[in-house]
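Heads up: the structure comes next, in C-alpha cells.
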Amino acid sequence: MARFAIRLVRVHSTGKTDRNGERVSGTRVQGTQKMDRFRDRKDKHAGETRSAGSQVHHPPVPGVPAGPILAAKRRRQLHPFFYRIGPVTLSVSSVLLIGLMAILYLSQLGQAVNSNQQIQDLRQQQATLQRENQDLVNTIAQEESPAYIVGHARTMGLIPADPKTIQILVVKHLRAIPGDDQSIQP
Amino acid sequence: MSVEMRRARHRQMLIFLLVFLGIVILLGRLFYWQVLESQSGYNLAKLANEEHTQNQILNAPRGLIYDINGRILATNVVRDDVYVEPIQFSIDHPDNTQSDLTALINTLHQVLPSVSIEKLQQAFSSGLPTVRIAVRIDPQQSRQLRTLQLPDVFLQPRTWRTYPDGDLAAQILGYVTQNDSDNSGVYGIEGQYNSLLAGKPGSFTAETDLQGNPLVVGADDEQPVVNGANLTLTIDNSVEYIVQTALANAVKQLQAASGTVVVVNARTGAVAAMAGVSTFDPNNYGKYAAQKGCLNSEQVYFNPALYCAYEPGSTMKIVTMAAALDQGLVTPDTTLDDQGCISFSDGTPTVCNWQFIPYGTETMTQVLEHSANVGAAYVAHNILGPSRYYPYLARFGFGRATGIDGPEDAGYYRTPGNADWTESDLTRQAFGQSILATPLQVAMAYEAVANGGVMMRPYLVASINNGGHVVTTKPQVERRVINAHAAQLLTGMLEDSALYGFAQLAQVPGYTIAAKTGTATTQGISADQTEASLAGFIPATNPQFVILVKLDRPQKAIYGSTAAAPLWGAIAQQLMEYYSVPPDAH
C-alpha cells in the first residue's frame, strides 16, 4: 500500500534527507493529512500508534530503491508542479491569466486600429499635399509660359523689340575668346 | 448504493445527456451555417466579404509632356465635382425639411455662385440618390465646402488634364477627353502615345472599417499602379510661341483663311516648331468642334503641317533642279532660251511663265531666281524625262508618309503608272502643280538639300521616361537623296534665288539664306486665291534650321514673295537671335 500512496513531502530549507526521504538532523518530515490518515490506518493495523511530530522509521519496500535520489525521482514523476496549487487557486489563476492575455490582445488590437487611423490620416494628408503640389506645378508652368511672360511684360510697360532696329556689326578677323576671361568682366 | 443515491445518479446522467444533446445540436447548426451555407446556398461568406471588403480601383496618373527644355506642356490637376444627396436629405430632415433645404441651398449658392438656386432646387426635388450640381470647382471653393461640412453634400475628386500654355502647340499635343467613363488622348501626341501616357490602373482589395477606410490589420491584396510615361518633345515652347504668334499676326494682317509654319532642325530632323492657324485651346476642346481648318476640309484639331496637303507651287522647282544636278545633266550655268512660254513637240500643253514674262537666255540659277515655269518644265520634259524625274520625287519623300510620330497625309501625284497620267503632269509637277504634298514633306525636301543631300527622318518625341527607364530618340538617316556636290550646287542656286529673286523680302540681316518662294493656284478657283509659301534654310553656309511658311488665300498680298517672304524672314531672324547663331554674311 505504501508503494501506491502519494507521498507529498515538504522539505525544509536545509534540504538534507535520509534514504527514506525523511529529513535528518532533527528536521521533521510532514506529510499530508491523507498521508497521516494512511499512516494511522497502517500503524493501527500494525498495532502501532503514532503521534504527530515524532519521527517515523518506515520499513523498506521490496523492489524499490531507497534513498534521497528515489525521493527526488518520485517527486519529479508524480508531482510535476514546483508548488502545491489547489483547484480554486488554479481557477483563479487561469481566469487572471486569460484576462491578462485578453487585455494584451485588446491593447495590441487597439494599437493596430490606432495605427490604421493614423495611416488613413497620413494618406489623406499625402493626397492633399499631392494635390497642392500638382496645383503649384500647374501654376508655375502657366507663369513660365511665353504668353504669360509677354502679357506681364506688356503690363509693366515693355514693348517688343523691333527686329528692324537690330544692327549686325561685322568685325573682321574676330576670333572667339577661349573660355572665361575674368579681365573683361564688367 | 442506496436507492436515493441511485436515483440521484440517474438524474445526473439524464441532465448530462440532455446538455450533451443540446451542445451537439448547437454544433451541428454551427457547422451548417459556418461551413455548408457559407459557400453555397445563401453564400454567406460572399455576402460578408461584400459587406466589409472593398475593392478600390487605383487610377494611374497620366504622364506629363515636356518641351525640349523641360517646361511642362501638359500636366494633371485634381478638381472636385460637387454632389448632393436629395433622398438622404429627406430622410435626415423629416421635420422642417423646407426651411433646412432653403438654408442649405442658399449656402451652396453662396459658395458656388455659378450654380443657380433654381438648379439647386431642381436637384433636391429630383428624388434621385445623388445629383451632380457642379463640375471642376476651384480649389478655394473646395476648401470652403470642406470647412462648412454641409450635410448630404459631398465632393468627388477627379483628375483633369491641363495645358498651362493654352493653345500653344495645341495641334501637336492634341487633347484628352474628359468624360465620366473615358479619359483618353485624341489627336496629336496625346492620341498617338495614349497607351504609354495612360499607364495602367491598379486595384486594392482590403477589409474596411465602418467608414470604408481599408484596415491595416486585415488581409489585403494590391495590384500596383503603373504610372503613365513622361514624354519630352523636340519643340521649344519659346520658339513655338514666336512662330505661332508671327503666323497668327500674318494671317490676320493679310486676311488669309489659314496658315502653317514648320521649323525643322536641318541636321537632325527634329521638329523645333510646328504651328497652324486656326487652332484650338485643348483646355476647352469642346468649344471648337464645329471649327474647320485646312481650308474647311478638316477639323481644327488636325495638325495642318501633317494633314493639309496642297500644291506646293514653285518651291518644288528645287526637286527638278536637284534631279538634273545629281545626274550631272545640268550645271548651275547651263542655259536655255526662255521666251515666256514653251511648247512641246509631243503635244504636251504649253507652259508659260507668270505673266508670260520672257527672260531670254537664262541659266539654271536664273530659272530659280526668276521662278521661271518655262525653265523648270524644260528641264523636266526635255532633259530628265519621266524615267529620270519620278524616281527623284519618290526619293525626296513625296507621295508617302514622312514617318513622323503620328498619322499624316501622304500626299499624291500621278506617275506614268497611273492610267490617267499625261505628259502635262510631268511638266506641271516640275513647278509644283498637279502634285499634293504636306508642308512637312516640302520642309523635309529642303532639309535633305541643307543636310548635304541626306534626308533625316523627322521626329517630335525626343525621349520617353517610363518609370525611370529613359529612351532617347536618336536622329535617323532616312536615305541619301542627292550627292553632296549636287546639294552644294543647289544651295548656291537657292542663295542667289533669295538674294536676287523673289525671296528678297525674306532676307535676314547678317545671315545668308537659301530659299525659294511658291505661289500656287488651284484649278477651278480664281487665280487670286493662292497658296503663298516660302521654303528655305538658314544660315546657307552652315544650315541650322529649315523653315517653311504657307498662307492660304491671303487677300492683301497673294504671292509667296510678298505674303510669305516677310513672315519667313521675321521668324528666321528671331530664331537666329534665340539660338545665338553667329551671323555668316560678309
Averaged over A:115-124, number of beta-carbon atoms from partner chains that fall within 10 Å: 3
Please give the helix B:317-326 orientation as an angle from the longest Cα principal axis of chain B, in degrees from 0 to 90, rounded to the nearest 10. 70 degrees
Measuring from label point to label point, each 7 Å out along Cα→Cβ, what is the B:Thr331 to B:Ala410 span in nm? 4.0 nm
Taking every residue in A:142-150, how many Cβ atoms of other protein chains lie within 10 Å of its Cβ, on average? 6
Debye, to nearest 20: dipole size of region B:300-413, +1 on Lys, Arg Cβ, -1 on Asp, Glu Cβ: 220 debye
Region B:257-327: trypsin sites (Lys or Arg not before Pro) falling in loop per DSSP and having at most 10 other Cβ within 10 Å: none
So for each of B:100-113, A:153-166, A:110-123 I average, over its residues, the number of other beta carbons within 10 Å; can you give me the resulting order with the highest mean first? B:100-113, A:110-123, A:153-166
Burial ordering of B:Ser114, A:Ser145, B:Ser580, fewest other beta-carbon atoms within 10 Å first: B:Ser580, B:Ser114, A:Ser145
Need one value for B:70-78: mean number of C-beta atoms belonging to other chains within 10 Å of its residues' C-beta atoms. 4
Could you size up the charge dipole of chain B around its Cα centre, putting +1 on the beta carbon of Lys and Arg and -1 on that of Asp and Glu, and report it in debye to the nearest 20? 1320 debye
Determine the gain in length on full extension of the stretch B:Gln98-B:Trp354; use 0.36 nm per residue of separation and subtract their C-alpha separation, reporting nm with one decimal. 84.1 nm
Given the options A:Val88, A:Ile103, A:Ile149, identify the residue whose Cα lies farthest towards the positive end of the charge dipole of region A:87-158 (+1 on Cβ of Lys, Arg; -1 on Cβ of Asp, Glu). A:Val88
Two-site FRET efficiency, B:Asn249 against B:Leu58, from Cβ-Cβ distance with R₀ of 60 Å, rounded to 0.05: 0.80
Once B:Lys556 and B:Gln156 are pulled to full extension, the length gained, defined as 0.36 nm per residue separation minus their Cα-Cα distance, is 138.7 nm
Can you tell me the FRET efficiency between B:Ala401 and A:Leu122 if r is taken as the Cβ-Cβ distance and R0 is 51 Å, rounded to the nearest 0.05? 0.50
Exposure proxy check on B:Leu44, B:Leu575, A:Leu174: fewest-to-most Cβ neighbours within 10 Å is A:Leu174, B:Leu44, B:Leu575
Here FRET efficiency (C-beta to C-beta, B:Ser184 to A:Arg175, R₀ 45 Å, nearest 0.05) is 0.20
Mind checking the full-extension length gain between B:Arg136 and B:Lys292? Use 0.36 nm per residue of separation minus the Cα-Cα distance, one decimal, nm. 53.4 nm
I want to check the label-to-label distance for B:Tyr500 and B:Asp528. Put each point 7 Å from Cα in the C-beta direction and report it in nm to one decimal. 3.3 nm
Tell me the angle of helix B:139-148 to the major Cα principal axis of chain B, expressed in degrees between 0 and 90 and rounded to the nearest ten. 10 degrees
Round to the nearest 10 and give me the degree value, 0 to 90, for the angle of helix B:484-500's Cα axis relative to the longest principal axis of chain B. 80 degrees
So what are the ³J(HN,Hα) numbers for region B:21-26, from phi and the Karplus equation (6.51, -1.76, 1.60; θ = phi - 60°), rounded to whole Hz, Gly and Pro as x? 5, x, 5, 4, 4, 4
Suppose only helical runs count, i.e. DSSP H with n ≥ 4. What mean residue ellipticity at 222 nm does that imply for the protein assembly as shown under -39500 (n - 2.57) per run, divided by all residues and rounded to the nearest 500 deg cm²/dmol? -12000 deg cm²/dmol
Size-normalised alpha-carbon gyration radius of region B:461-586, reference 2.2 N^0.38 Å: 1.28
A correct fewest-to-most ranking of B:Asp95, B:Asp409, B:Asp180, B:Asp338 by other Cβ atoms within 10 Å would be B:Asp95, B:Asp180, B:Asp409, B:Asp338
Once both label points are put 7 Å beyond Cα along the C-beta direction, the B:Thr361-B:Ile25 separation in nm becomes 12.9 nm
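For the protein assembly as shown, take the convex hull of the Cα atoms, compute a quarter of its surface area, and give me that in nm², please. Let's see the in-between values first.
Working: hull surface 280.7 nm².
That works out to 70.2 nm².
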List every residue whose amide H lies under 5 Å from the amide H of B:Ile133, counting only residues 5 or more places away in sequence or on a different chain, with H placed 1.01 Å from N in the peptide plane. B:Val82, B:Tyr83, B:Val84
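Laboratory data are not the source of any read-out in this text; all were calculated from the coordinates shown. Just so we're clear, the structure is a prediction, and the values are computed from it rather than from any experiment. So basically every Cβ, Gly included, is an ideal-geometry build from the backbone, and we count neighbours across all protein chains shown.
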